[in-house]
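Heads up, the thing below is written out as C-alpha cells.
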Amino acid sequence: MARLPTLTPITSSWMHELMDERRVLNQLLEKHGSPINIHQTDLMQKNFELYLRVFEEEGLKNKLFFARKANKTKGVVRKAHALGMGIDTASYREYMQCLEMGIPASDLIVTAAVKNRELIEKVIKNGSLLVLDNEDECLQVQESAEELGKNANIAFRISGFIVRESKLYSRFGFDLETFGSFVDENFFNSNKFDHLIYKGLHFHLNGYSTEERSLALSQCLELSEQLSLKGFKTEFIDIGGGILMNYLKYETEWDNFSLQLRRAIINRRDPITFENQGLGLQVFGGSLLGELKTYPFWNYLFKGDFLRKILYHKNSSGITLAQHAKSLGVEIRMEPGRSMLDQVGLTVSRVAFRKKDSRGDWLVGLEMNMTQMLSGSADFMLDPFVLYQNEDAEGEAAEVYFTGAYCLERDVLLKRKIALQKLPQVGDLVIFVNTAGYMMHFFESSAHLFPLATNLIWNRSIENSKIDLAHFQNDDNH
Ligand SMILES: Cc1ncc(COP(=O)(O)O)c(C=O)c1O
C-alpha cells in the first residue's frame, strides 16, 4: 500500500506543554466529559499586533473588531477587548453578553444577518453601530428610533463590486450600482430616515481573494467621495473579515496531498479519504473535474501580509488605497475572526472503541460527534495527535478513520485516513489542534441529547509553572 500523505500542523509550545501533561488532560476529561475545548489566549496578542503594525506603517487610522462568531467563549472576547479591539457581534445574545461583560457599547458593532426588533432596540438604546443590509432594515431601525426618541448610528453594507468587468455576487448588502439612487431618494431628497445617522461603509467578502478585497475597498473609497459631495461624511470603511491564516508547516505536504487525492480518485492509488471522497474533485466521463473545496490550509500570504496586499493596491490614479484612505481622512476597520484565533485552541477527545469496518478499514470511535469539530469547508486538514495512555505498549502501525457518536454514516470526524504509529487503545486521547476558529462551535449541536462540549480557558498568568487543574477556568457559555 502506498504511504498516506501527512499534513503536519503548525503548533505552539503551550500545546506541547499541555500534551506532555497527560495526567491533567485525563483529569479534565474525567471532570468535564469528552470532548473538551481548551483555549490559551496569549497568542491573540501576536495576531492582533501583526494587523496593527500594518496600519501603523502607513499612519492609517484604524479600528479592529474581533468577529466573535468564530468562537463563542467569553474568554476570547475578553482577551480581544483587553488588547484594544472592538467586538463584532452577530446576534442579540452575542451583543448582550458583551455588554454584560462590561464592554462599552461604543466598542461594539452589530453585523447580524437578521436583526429582530429586540436587538435593534437594544442597540439604539445603547448607541452602538448597526451595519444595515437592506431597505427593510432601514425602515425598522427608523421606526424603533422614532419610538425611542433616539437616533441610530448606522453603516451600510455594500456588495456587487466590479471585479474584472463582472459583478461579485453576494446575498448580503446594498448593490453598489443602485446604492447611489437609493440614498438620493431616501436620505438626501427625503426625511424618511431622519433618525439614521450615517457613519460609514462596510463589506465582507466570501472567499479569500486580496484582489477582490482591494477592488471592493477602492470602490468604497470612490463611493465615499461621491457621498461627501452630497453631505454624507464617511468616517470609516470596514473591510470585514476573511483574512487568511496558515495552518500547515510544509507546502510540500500540501502539494503532495493534493496530488495523492487526485491519484486516489482516478484509482491510481488506494483511497486516502473516506469512501474515496474527492473533497470537491470528481471524476466525470473519465476526466477529473472540480476543485478542492477545503479552506486553503497551506498558503503563503496570510494575516499581516494579506492585509498589506489589500491596502498597498494601487488605484487607477496610481496611489495606494492606504494613501487614498488617509487623504480622505477615512478610518479603515476590519473584523478578523478566524485569524485572530490562530494557535489559540485545541480539542481533546477520548477513544471509545476500535473496529474494522466491512471494507477492512480501521475505525477509531471517539467520544464526540461531527458537529464538535466541523469545518464549513469540505474537511479539516490537520493531522491530529494521539496520546497513548500506555506509551510502552506494543502495537503495529495503523491507518485509521476517526468516527463520531451521531447515528449517521457520515459522522466521520476527518475525511482523511490518518497514519498512526500504532492503533490507539480505548481511553487513549486524540488531540485536534488549532480548532478555536469556527471548528469548535460554529456547527455544534446536541442531537441525541449529547451535552455540548465544555470550553476551558487555560489561565497561564497563575504564578506556578506546574500545570494544575485549578488553572483551567470553565467558560460556561452554553
Ligand atoms: C460580517 C462578517 N465579518 C467578519 C467575519 C469574520 O470572518 P473571518 O473569521 O473569516 O475573519 C464574518 C464571517 O463570516 C462576517 O460575516
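Here are the numbers:
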| item | result |
| --- | --- |
| Condition check for residue 455: buried (at least 22 other Cβ atoms within 10 Å of the Cβ) and at positive phi | no |
| Condition broken by residue 333, with the remaining ones in (1) open to solvent by 10 Å² or more (accessible area, probe 1.4 Å); (2) more than 16 Å from the ligand (Cβ to nearest atom) satisfied | (2) |
| Residue among 443, 432 that alone is over 19 Å from residue 8 (Cβ atoms), of a type in the set (A, V, I, L, M, F, W, C) and touching a residue at least 60 places away in the same chain (Cβ under 8 Å) | 443 |
| Filtered residues of the range 398-438 (kept if in a loop (DSSP other than H, G, I, E, B), closer than 18 Å to residue 370 by Cβ and more than 16 Å from the ligand (Cβ to nearest atom)) | 404, 405, 406, 407, 408, 409, 410, 411, 413, 414, 415, 417 |
| One residue from 406, 401 being among the hydroxyl-bearing types (Ser, Thr, Tyr) and touching a strand residue (DSSP E or B) at 6+ places or on another chain (Cβ under 8 Å) | 401 |
| Among the residues listed as 152, 105, the single one being more than 26 Å from the chain's Cα centre (by Cα) and hydrophobic (A, V, I, L, M, F, W, C) | 152 |
| Top-ranked residue in the range 426-443 [being open to solvent by 10 Å² or more (accessible area, probe 1.4 Å) and not β-branched (Val, Ile, Thr); ranked as nearest to residue 24 (Cα to Cα)] | 427 |
| Criterion (under 24 Å from residue 113 (Cβ atoms), outside any strand (DSSP E or B) and modelled with pLDDT of 95 or more) met by exactly one of 177, 185 | 177 |
| Filter result for residue 198 (more than 30 Å from residue 144 (Cα to Cα), out of contact with any helix residue (DSSP H, G or I) (no Cβ under 6 Å at 6 or more places or on another chain) and at pLDDT 95 or above) | no |
| Pairs with Cβ under 9 Å, 6+ apart, first in the range 2-26 and more than 30 Å from residue 255 (Cα to Cα), second surrounded by 18 or more Cβ atoms within 10 Å (Cβ to Cβ) and not hydrophobic (A, V, I, L, M, F, W, C) | 18/40; 22/388; 26/350 |
| Tabulated pairs, the range 399-425, first within 17 Å of residue 270 (Cα to Cα) and open to solvent by 40 Å² or more (accessible area, probe 1.4 Å), second in a loop (DSSP other than H, G, I, E, B) and of a type in the set (Val, Ile, Thr), C-beta under 7 angstrom, 6+ apart or interchain | 419/6 |
| Meets criteria (outside any loop (DSSP other than H, G, I, E, B) and surrounded by fewer than 20 Cβ atoms within 10 Å (Cβ to Cβ)) for residue 346 | no |
| Residue within the range 33-49 that is more than 16 Å from the ligand (Cβ to nearest atom), within 26 Å of residue 131 (Cα to Cα) and either modelled with pLDDT of 95 or more or open to solvent by less than 10 Å² (accessible area, probe 1.4 Å) (or both) present | yes |
| Sole exception among (1) at negative phi; (2) at pLDDT 95 or above for residue 316, by number | (2) |
| Subset tally (residues that are more than 16 Å from the ligand (Cβ to nearest atom), open to solvent by 20 Å² or more (accessible area, probe 1.4 Å) and touching a strand residue (DSSP E or B) at 6+ places or on another chain (Cβ under 9 Å)) for the range 164-179 | 4 |
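The values are calculated or read from the model by the stated rules, or taken from the named source; none is laboratory data. Just so you know, these numbers come straight off a predicted model, no measurement behind them. Virtual Cβ from ideal backbone geometry, glycine too; neighbours counted across all protein chains shown. To get the accessible areas, we keep the full protein, side chains included, count just its heavy atoms, and leave off ligands, DNA and RNA. Shrake-Rupley method; radii C 1.70, N 1.55, O 1.52, S 1.80 Å.
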